[in-house]
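Read through the structure below, which is laid out as structure tokens, and then see the notes.
The values are calculated or read from the model by the stated rules, or taken from the named source; none is laboratory data. A quick note: this is a predicted structure, and the numbers were derived from the prediction, not measured. Here the Cβ positions follow ideal geometry from the backbone for every residue, glycine too, while neighbour counts run over all protein chains shown.
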Amino acid sequence: MAPWWTRRASGRPFVTLKLATSLDGCIARADGSSRWITGPRARAHGHLERARHQAILVGRGTFDADAPQLDVRLPGLEDRSPRKYLLTRGAAPAGWTAAAAPEAVEGVDSLLVEGGAGAASAFLAADRVDRLLLYRAPILIGAVRPALGDIGLADLAAAHGRWRLADSRLLGSDRLDVYERVREGP
Ligand SMILES: NC(=O)c1ccc[n+]([C@@H]2O[C@H](COP(=O)([O-])OP(=O)(O)OC[C@H]3O[C@@H](n4cnc5c(N)ncnc54)[C@H](OP(=O)(O)O)[C@@H]3O)[C@@H](O)[C@H]2O)c1
């Protein structure tokens, strides 16, 4: 019900941010490569999450680095591939819808943000993230490509009390932690 309720109550989509990181919090190697940080079970879970969302978004940097297809590659769910948004102040390629800001995604109940660091930070800074999916692989990369940039945090006190652990499980050798944003109202 959360996506349906969020859109009716506040006029915006319910946003899930998905990030796959190493133990030291990196989302890619220094050269920008991020395939694959997590293993097949975590990636299959990510595809299931895609099928559950009406729209999916990546930043222009991820589009340029990975050329992601963002389709659902699970048997029987191929036709559930969501509408594709590109976070960019420029134009979008064919088949994609350009979003010039996190607030620009409209007309859908649920949005899955799949990175990279710039897009994730923009959504967090705008306080548009309702749910965090953190897939953590048991690898170390070296902190050159952190998962997040500036999210507009005023001080450490403001960071506390915002996220509640809703689920935690092993997917093969990777850990998935699901956090929900703690909000007073809608
Ligand atoms: N491990 C993972 O989970 C994961 C997931 C995805 C990507 N990655 C990796 O992450 C790296 C890419 O990350 P990145 O941080 O460089 O790029 P990114 O977040 O994919 O895209 C950054 C771009 O998004 C646009 N943008 C950012 N903030 C914006 C805002 N507030 N309003 C409008 N547009 C905004 C800008 O595009 P314009 O300049 O066009 O305006 C900016 O250059 C790649 O190496 C990729 O492989 C890892």
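Here are a few things to note about the model shown:
- Residue in segment 70-79 that is under 26 Å from GLY149 (Cα atoms) and touching a residue at least 24 places away in the same chain (Cβ under 8 Å) present: yes
- In segment 72-103, the residues that are within 16 Å of the chain's Cα centre (by Cα), surrounded by fewer than 16 Cβ atoms within 10 Å (Cβ to Cβ) and in a loop (DSSP other than H, G, I, E, B): ALA101
- Residue in segment 141-171 that is nearest to the chain's Cα centre (by Cα), counting only those that are closer than 19 Å to GLY46 by Cα and among the aliphatic types (A, V, I, L, M): ALA147
- Selection from segment 32-41 of residues that are modelled with pLDDT under 90, surrounded by fewer than 17 Cβ atoms within 10 Å (Cβ to Cβ) and at negative phi: SER33, ARG35
Results for (1) within 15 Å of the ligand (Cβ to nearest atom); (2) at pLDDT 90 or above; (3) surrounded by fewer than 21 Cβ atoms within 10 Å (Cβ to Cβ), shown as yes or no for each residue.
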{"residue": "ALA20", "(1), (2), (3)": "yes, yes, no"}
{"residue": "ARG43", "(1), (2), (3)": "yes, yes, yes"}
{"residue": "ILE56", "(1), (2), (3)": "yes, yes, no"}
{"residue": "PRO68", "(1), (2), (3)": "yes, no, yes"}
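- Total residues in segment 55-70 satisfying the condition of being closer than 15 Å to LYS18 by Cβ and not β-branched (Val, Ile, Thr): the figure is 6.
- Any hit, segment 151-173, residues being modelled with pLDDT of 95 or more, of a type in the set (Val, Ile, Thr) and in contact with a Ser or Thr (Cβ under 7 Å, 6 or more places away or on another chain): yes
- Taken as a whole, the structure leaves SER81 outside the set of residues that are near the ligand (Cβ under 9 Å from one of its atoms) and among the hydroxyl-bearing types (Ser, Thr, Tyr).
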